[in-house]
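Shown next, in structure tokens, is the structure this report addresses.
The values are calculated or read from the model by the stated rules, or taken from the named source; none is laboratory data. It should be emphasised that the depicted structure is a prediction, and the values quoted were computed from it without experimental measurement. Virtual Cβ from ideal backbone geometry, glycine too; neighbours counted across all protein chains shown.
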Amino acid sequence: MLDLRWIRNNEDDVRSFLAARNNDFDIAPLLALDEEKRKLLTETEELKARRNEGSKKVGSARARGEDASQIMEEMRAIGERVKVIDGRIGEIDARLNDLLLSVPNRPHGSVPVGKDENDNVEIRRWGTPKEFSFEPKAHWDIGEALGILDFEKGAALAQSRFTVLRGQGARLERALINFMLDLHTEQHGYLEIEPPFLVSGKTMTGTGQLPKFADDLYKCENDDLWLIPTAEVPLTNLHADEILEEEQLPLYYVAYTPCFRREAGAYGRDVRGMLRQHQFDKVEMVKLASQETSYEELEKLTDNAEEVLRSLDIPHRTICLSTGDMGFGSSKTYDIEVWLPSQHKYREISSCSNCEDFQARRMNTRYRPKGGGKPVYVHTLNGSGIAIGRTLIAVLENCQREDGSVEIPAALVPYMRGVTEIR
RNA sequence: GGAGAAGUGGCCGAGUGGUCGAAGGCGAUUGACUCGAAAUCAAUUGAGCGGCUUUGCUGCUCCGUGGGUUCAAAUCCCACCUUCUCCGCCA
């Protein structure tokens with residue numbers, strides 16, 4: 001959510017960044033409502049001041065045993081007008097809030113302006129895609145041949161886009177989770193959290209999933225509970241409605257959770273294998289930082305995610321998303337993409353964003369600056385550190401051998417209890 | 001799920017219709033005292049929105065949340081949420 005006052009004073013900026021995002025949101029009705037509300041507010045506040053004064057007079061008159069019925073009558077009339085105006089203000093507020101929650105975040109000045117993913121800018125590459133002496137297979141072929149990936153059973157138990165992992169496949173998933181959690185907690189200074197996997201509508205609104213993206217989420221029928229699409233939601237909301245001290249910042253949190261996404265609107269894409277699932281595991285990093293340090297923290301966060309892939313020796317590249325490709329709540333996003341030999345392409349495995357104060361304003365998380373002063377909104381950052389299922393895919397495909405077996409990267413061997421290959 | 005109790009400022013805690021945004025205490029900050037510290041004393045110490053003669057003054061709102069009654073609500077009424085205790089159920 002953006003600051004309404006800022007929108008009011010920077011109309012042109014808002015219009016131009018909405019255009020850069022290909023967003024057709026019209027701010028005119030919003031500004032009109034804002035104007036009307038402020039006019040009514042002045043009116044009702046004046047009336048209330050008069051009523052407060054009158055009520056005090058009634059009190060003191062009664063204390064002296066005098067008759068106050070005339071003032072009471074006047075105050076009753078004022079009260080009725082106040083009620084009408086406040087009712088209208090309430091309606092405007094609700095509408096204003098709805099509109100504000102639908103305005104996307106303002107992109108940072110360093111973000112490339114562009115229409116879509118074709119305008120994303122590659123920042124760096126790491127590693128060289130391996131030359132195979134044979135035709136590298138896709139992970140679904142490797143996994144099914146080894147008996148560790150079962151797509152049929154996933155579909156039978158739930159529906160398509162669910163997978164059953166078996167044996168060393170299930171263990172590899174678990175190994176990746178533990179490896180990443182250990183890396184981030186022991187080397188990068190994150191505090192491990194185990195959050196709820198279901199959260200309230202308010203929490204979903206805090207990070208921006210609601211109200212706009214309800215169709216992408218799974219909701220419980222009888223409760224105000226939603227399955228999290230990413231641990232970003234509970235982690236970022238950990239300090240909702242709090243005022244922190246600047247000395248506490250930055251806060252680093254990391255969590256493993258399953259993630260649940262309806263993937264509505266992704267019907268034809270990545271239908272084979274487990275690249276795009278309704279349920280997938282992810283280790284997620286979240287930071288709350290001061291306004292001055294958040295972009296520095298974004299660089300570190302992205303490096304923390306890249307470190308996972310360096311440790312596993314998997315080729316990858318990092319790109320900066322253009323204004324047209326960026327998510328709703330982000331001011332700047334780096335995607336990390338791994339090399340998938342079977343597709344001969346880099347594919348997204350992590351997304352690291354600085355949301356600045358966009359989420360903080362929604363969930364009301366502030367900090368008191370050093371040396372006192374008014375509380376200001378924190379900057380929130382999140383990044384996959386990293387997607388587990390896609391990492392498993394990357395390991396299977398990049399570490400496959402001609403005979404169909406898969407070599408376990410050295411860093412994972414301890415987590416696989418000494419297993420060095422799956423065959 | 002059933003029965004009961006409770007939700008007040010950073011914390012504890014008083015307040016059952018009228019100068020209550022809220023006593024008192026703790027904590028914090030500043031000053032005095034001190035060579036310094038402690039102790040003591042004094043002052044200050046919530047948030048949001050707005051106005052102004054803008055380092056201060058001022059209006060409105062906020063006592064779990066949302067409604068209602070009233071000239072006036074922390075205080076009365078209704079609904080909901082959360083916490084605690086007991087029962088039931090369960091891992």
Boolean, A:R106 is within 40 Å of the chain's Cα centre (by Cα), surrounded by 15 or more Cβ atoms within 10 Å (Cβ to Cβ) and basic (K, R)
yes
Selection count, region A:24-75, where residues are under 30 Å from A:D12 (Cβ atoms), surrounded by 12 or more Cβ atoms within 10 Å (Cβ to Cβ) and within 7 Å of RNA strand B (Cβ to nearest atom):
2
So which residues in region A:283-304 are under 19 Å from A:R347 (Cβ atoms) and out of contact with any Asp or Glu (no Cβ under 9 Å at 6 or more places or on another chain), if there are any at all?
A:V283, A:T302
Identify, please: which residue in region A:313-328 is outside any strand (DSSP E or B) and touching a Ser or Thr at 6+ places or on another chain (Cβ under 7 Å) and is, among those, surrounded by the most Cβ atoms within 10 Å (Cβ to Cβ)?
A:M326
A:R81: passes all of (1) more than 8 Å from RNA strand B (Cβ to nearest atom); (2) within 26 Å of A:H379 (Cα to Cα); (3) surrounded by fewer than 14 Cβ atoms within 10 Å (Cβ to Cβ) but (2)
Of the residues that sit in region A:84-99 and are surrounded by 14 or more Cβ atoms within 10 Å (Cβ to Cβ) and away from RNA strand B (no atom under 13 Å from the Cβ), which one is modelled with the highest pLDDT?
A:L99
Looking at A:V308, A:V283, can you tell me which residue is aliphatic (A, V, I, L, M), surrounded by 17 or more Cβ atoms within 10 Å (Cβ to Cβ) and part of a strand (DSSP E or B)?
A:V283
Is there any pair linking a residue in region A:248-267 that is more than 30 Å from A:S160 (Cβ to Cβ) to one that is outside any loop (DSSP other than H, G, I, E, B) and among the polar types (S, T, N, Q), with Cβ under 7 Å and at least six apart or on different chains, and which?
A:V254/A:T185
For region A:151-201 the number of residues that are under 22 Å from A:N237 (Cβ atoms) and free of Cβ contacts under 8 Å to residues at least 60 places away in the same chain is 5
Which residues, counting only those in region A:1-50, are aliphatic (A, V, I, L, M) and not in a helix (DSSP H, G or I)?
A:M1, A:L2, A:I27
Only one residue in A:Y377, A:Y367 is in contact with a Pro (Cβ under 8 Å, 6 or more places away or on another chain), in contact (Cβ under 8 Å) with a residue 12 or more places away in the chain, more than 29 Å from A:R166 (Cβ to Cβ) and not aliphatic (A, V, I, L, M). Which one?
A:Y367
If we keep just the residues of region A:185-235 that are outside any loop (DSSP other than H, G, I, E, B) and aliphatic (A, V, I, L, M), which is surrounded by the fewest Cβ atoms within 10 Å (Cβ to Cβ)?
A:L191
